[in-house]
Ligand SMILES: Cc1cc2nc3c(=O)[nH]c(=O)nc-3n(C[C@H](O)[C@H](O)[C@H](O)COP(=O)(O)O)c2cc1C
């Protein structure tokens, strides 16, 4: 039996969570957990065995699992291996992301035995529009480890079996926040319909010192080697380039940041189901 963990994680929060879960499993079982980062790699062709355990984490984009994750995982074969899916979201909502992720992994031949939703700092969080800043924090990491220990206890007794990911539902936000955000989204969609704007991270050339971090960290190679251009068709707005830039030269003026910050400030907690 092998225990593996994967993440696609442009701004690092999904990777932190899956490593925390892996640490809990590893310490409880005194076994190695092999970690693989899919942010810049494709897992194509990876084959598992029915006695393997795979923990896979990825961010929520627009209430679904980030579409690029499915490209990164395309072609992997579970062959009945047991899988735990982990969606990491920015304290707004994970909506159908967990069920979407579970059914994708199931379609790749995995038996989905656990599902979780954890909170990570929102990709659009900035100092003037904080959205779950600093998360996963100490409490989240303790929870991740605790979830890993629960997984380990199931492995130890040979009890992992198929679970319905739909048992995991979003923590409710205050009704007023939901209405405010919904109204914001409707207004945004109307403005976009009338006058479409392609929002992507911009560069302030006066601050850029050509260190190349943004180019190196971009998971979709959307940034030109000279760092000057970003290809809107390739950019997934993950904000890896913004968060990595030591000069603050990369900025993303997300139209959503203010509305998210104003309406989703109440802390949400990790949730999981396991069978
Ligand atoms: C394009 C995009 C869409 C997002 N959609 C959601 C969402 O629907 N709900 C939510 O709570 N967070 C959303 N987020 C925030 C991310 O899920 C969150 O920041 C996550 O921790 C990022 O994971 P990473 O650090 O592994 O990249 C979105 C982020 C991006 C870039």
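The values are calculated or read from the model by the stated rules, or taken from the named source; none is laboratory data. Bear in mind that the values here come from a model prediction, so they are computed numbers and not experimental data. All Cβ positions, glycine included, derive from the backbone under ideal geometry; neighbour counts span all protein chains shown.
Worth pointing out:
- Which numbered condition residue 99 fails, given (1) surrounded by fewer than 24 Cβ atoms within 10 Å (Cβ to Cβ); (2) within 14 Å of residue 169 (Cα to Cα); (3) away from the ligand (no atom under 15 Å from the Cβ): (3)
- Residues of the range 181-208 classified as more than 15 Å from the ligand (Cβ to nearest atom) and either surrounded by 11 or more Cβ atoms within 10 Å (Cβ to Cβ) or in the same structural domain as residue 8 (by TED's automatic domain parsing) (or both), total: 8
- For residue 13, the conditions (1) more than 14 Å from the ligand (Cβ to nearest atom); (2) more than 21 Å from residue 165 (Cα to Cα) all hold with the exception of (1).
- Helices (runs of 4 or more DSSP H) wholly inside the range 1-116 that include at least 3 residues being modelled with pLDDT of 95 or more and more than 30 Å from residue 264 (Cβ to Cβ): 13-29
- The number of residues in the range 170-199 being closer than 20 Å to residue 269 by Cα, assigned to a helix (DSSP H, G or I) and under 25 Å from the mean Cα position of the chain (by Cα) comes to 2.
- Single condition residue 233 does not satisfy, out of (1) out of contact with any helix residue (DSSP H, G or I) (no Cβ under 6 Å at 6 or more places or on another chain); (2) within 20 Å of residue 13 (Cα to Cα); (3) free of Cβ contacts under 8 Å to residues at least 40 places away in the same chain: (2)
- The set of residues in the range 102-125 being buried (at least 20 other Cβ atoms within 10 Å of the Cβ) and away from the ligand (no atom under 11 Å from the Cβ) consists of 102, 105, 108, 110, 112, 113, 114, 115, 116.
- Residue within the range 147-156 that is surrounded by fewer than 19 Cβ atoms within 10 Å (Cβ to Cβ), closer than 27 Å to residue 241 by Cβ and in contact (Cβ under 8 Å) with a residue 24 or more places away in the chain present: no
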